[in-house]
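Have a look at the structure below, then the notes.
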Amino acid sequence: MKKITVAAAALIKDHKLFIAKRPADKLPPLVWEFPGGKPEANETLPEALRRELREELHIDTKIGDFITKTTHTYDFAEVEINLFKTEMCNPKAQIVDTEHVETAWVTTSDFDKYQFADADIALLDTLKKIPI
């Protein structure tokens with residue numbers, strides 16, 4: 001089975017986390033996730049995350065501490081998500097998302113209002129336990 005390693009952002013601003021809804025043409029479709037992406041050759045996970053956030057959200061970020069890792073097996077692949085605490089270099093910068101169909105800033109108590117990707121669900125409990 002194909003394995004996909006992903007770096008994801010727990011992007012924090014004003015005690016809220018940024019989440020994004022995947023487009024219909026990406027697997028898994030139309031579910032919420034923490035933004036990020038796959039590393040390219042010879043790229044560390046933090047480097048990949050910084051690049052992906054610049055490409056997809058048009059923001060510069062400070063990649064902070066590693067929070068947790070989770071793995072989920074879908075029909076199409078085994079997905080490993082590595083979650084990092086992340087902040088925008090300029091908190092007043094406007095996010096311009098070119099990848100997702102919808103975005104939101106949420107508190108951890110809002111998580112149950114959103115249908116997250118199965119791979120991201122395991123991250124929710126960890127995030128509820130740390131200061132945001």
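The values are calculated or read from the model by the stated rules, or taken from the named source; none is laboratory data. These numbers come from a predicted model, not from an experiment. Ideal geometry is used to build each Cβ from the backbone, glycine not excepted, and the neighbour counts take in all protein chains shown. Note: areas computed on protein heavy atoms with side chains; ligands, DNA, RNA excluded. Shrake-Rupley method; radii C 1.70, N 1.55, O 1.52, S 1.80 Å.
Can you list residues from other chains, or at least 5 along the same chain, whose modelled amide H is less than 5 Å from the amide H of Val31?
Result for Val31 returns Arg22.
Assuming 0.692 mPa s and 37 °C, estimate D for the chain with Stokes-Einstein, Rh taken as the Kirkwood radius over Cα pairs, in µm²/s.
In µm²/s, the coefficient rounds to 223.
Hey, got a sec? Which trypsin sites (Lys or Arg not before Pro) in the stretch 80-132 land in a DSSP loop and have at most 14 other Cβ atoms within 10 Å? Don't skip to the end; give the middle numbers.
Working: sites: Lys85, Lys92, Lys113, Lys128, Lys129; in loops: Lys92, Lys129.
Those satisfying the criteria are Lys92, Lys129.
Anything over 26 Å Cα to Cα? Flag those among Lys69/Lys92; Lys3/Lys129; Lys2/Lys69; Lys3/Lys92, in the order listed.
Exceeds cut-off: Lys69/Lys92; Lys3/Lys129; Lys3/Lys92.
Tally Lys/Arg at +1 and Asp/Glu at -1 over every other residue whose Cβ is under 9 Å from the Cβ of Ala119; what's the total?
Here the charged neighbours net out to -4.
Please report the relative contact order for the chain, taking Cα pairs under 8 Å with a sequence separation of at least 6, and give it as a percent rounded to a whole number.
33
Give the carbon-plus-sulfur fraction of the accessible surface of the chain in %, rounded to a whole number; probe 1.4 Å, heavy atoms of protein chains only. Write out the running numbers ahead of the final one.
Working: 3420 of 7250 Å².
Carbon with sulfur: 47 percent of the solvent-accessible area.
Would you kindly find the accessible area of Thr68, with a 1.4 Å probe and non-protein molecules such as ligands, DNA and RNA excluded, rounding to the nearest 10 Å²?
Per-residue accessible area (Thr68): approximately 30 Å².
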